[in-house]
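Visitor: Before anything else, here's the structure in question.
The values are calculated or read from the model by the stated rules, or taken from the named source; none is laboratory data. Since this is a predicted model, take the numbers as computed values, not measurements. Using ideal geometry, Cβ is built from the backbone for each residue, glycine included, and neighbour counts are taken over all protein chains shown. What goes into the accessible areas is simple: the full protein's heavy atoms, side chains included, and nothing from ligands, DNA or RNA. Shrake-Rupley method; radii C 1.70, N 1.55, O 1.52, S 1.80 Å.
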Amino acid sequence: MEFRASHILTNDRTLADSLYERIKKGESFASLAQIYSKCPSKSKGGDLGWFKEGQMVKEFENQVRRMSVGSISKPVRTQFGYHIIKKTGVR
């Protein structure tokens, strides 16, 4: 199974919580990713492309697996920081 997701990665939980609330109020996920994410994927609006099981850190992958396509997660903590995840596909 493969998944597709976008994310916004920050070092700060407070910022991640704030961005999550802004997205829930209708702000563009991709625009906020371009401004605030510390991941190189920010240039693509946070898009990570397709990935297989085992390619992402456990906490990230477990969250993506539980999500429905189009949904956005509350901040998820991994060794890299706090991720707000948007699941965009599964195949």
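Visitor: Give the value in nm², to one decimal: projected area of the alpha carbon convex hull of the chain, averaged over all directions.
Guide: Mean projected area for the chain: 5.0 nm², to one decimal.
Visitor: Also, I was wondering about something else. Using the Cα centre of the chain as the reference point, and only Cβ charges (+1 on K/R, -1 on D/E), how large is the resulting charge dipole? Debye, rounded to the nearest 20.
Guide: The calculated dipole for the chain is roughly 120 debye.
Visitor: All other residues with a Cβ under 12 Å from the Cβ of Thr88 taken together, and with Lys, Arg as +1 and Asp, Glu as -1, what is their net charge?
Guide: Net charge in that neighbourhood comes out at +3.
Visitor: For Leu48, list long-range residues whose amide hydrogen, built 1.01 Å from N in the peptide plane, is under 5 Å from its own amide hydrogen.
Guide: Correct list: Ala5, Ser6, His7.
Visitor: Please list the helices of the chain that count as membrane-span-like by this rule: a mean Kyte-Doolittle hydropathy of at least 0.5 together with Cα atoms stretching 18 Å or more along the helix axis, each helix being a complete DSSP H run.
Guide: none
Visitor: Carbon and sulfur atoms: what percent of the 1.4 Å accessible area of the chain do they account for?
Guide: Ligands and nucleic acids excluded, carbon and sulfur reach 48 percent.
Visitor: Say the dipole of the chain comes from +1 at the beta carbon of Lys and Arg and -1 at that of Asp and Glu; which of Gln34, Met67, Gly45 then lies farthest toward its positive end?
Guide: Met67
Visitor: Where Lys and Arg each count +1 and Asp and Glu each count -1, what net charge lies around Ser71 among other residues with Cβ under 9 Å from its Cβ?
Guide: +2
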